[in-house]
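Asker: Could you have a look at this structure, given as structure tokens, before my questions?
The values are calculated or read from the model by the stated rules, or taken from the named source; none is laboratory data. Because the structure is predicted, anything quoted here is derived from the model rather than measured. Note that each Cβ is placed from the backbone with ideal geometry, even for glycine, and that neighbours are counted across all protein chains shown.
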Amino acid sequence: MGNHGCTVAPLKYNFHCTGLSWEICFEGGLTELAEETSNPNRMKLMFTVGAVAIVVPAWRMYVVKRVVDLKNKAKERMEAKRKIASGETPEAMQMLWLAPKTEEEMLLAEQTQDSAQKSYRSSGCAFQ
């Protein structure tokens, strides 16, 4: 597993730069297309409304649905842990195994594993 931060941080910056470059390209293309019309500001507004009409329904259909599902699964997992801790039902153990891990649990497990494999270098990017 090694040091996860050495690969994640550059990827995050790369994703941000890619997103900004896409935004600049779309803005430039939109401006060029709008300037070809008799009323550029109205055309920019129409392009914006069209983009929103396409993106927002897709965002609601896929992204929001996924976030809600993950939150519900995390609640189920926490409820199963509570039941196991209180000794209520043995079925909770099966429910806990079937529910996917929450992001916090995955990060905690990763941190625990990383702390067990400390490197001799202080930068944290040394090979293990």
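Asker: Would you check which residues across the stretch 32-58 are surrounded by 12 or more Cβ atoms within 10 Å (Cβ to Cβ) and either at pLDDT below 90 or part of a helix (DSSP H, G or I) (or both) and list them?
Answerer: Within the stretch 32-58, L33, A34, P40, M43, K44, L45, M46, F47, A51 qualify.
Asker: I've got another one for you. Please indicate, with yes or no, whether at least one residue in the stretch 11-31 is in contact with a helix residue (DSSP H, G or I) (Cβ under 6 Å, 6 or more places away or on another chain) and modelled with pLDDT of 80 or more.
Answerer: yes
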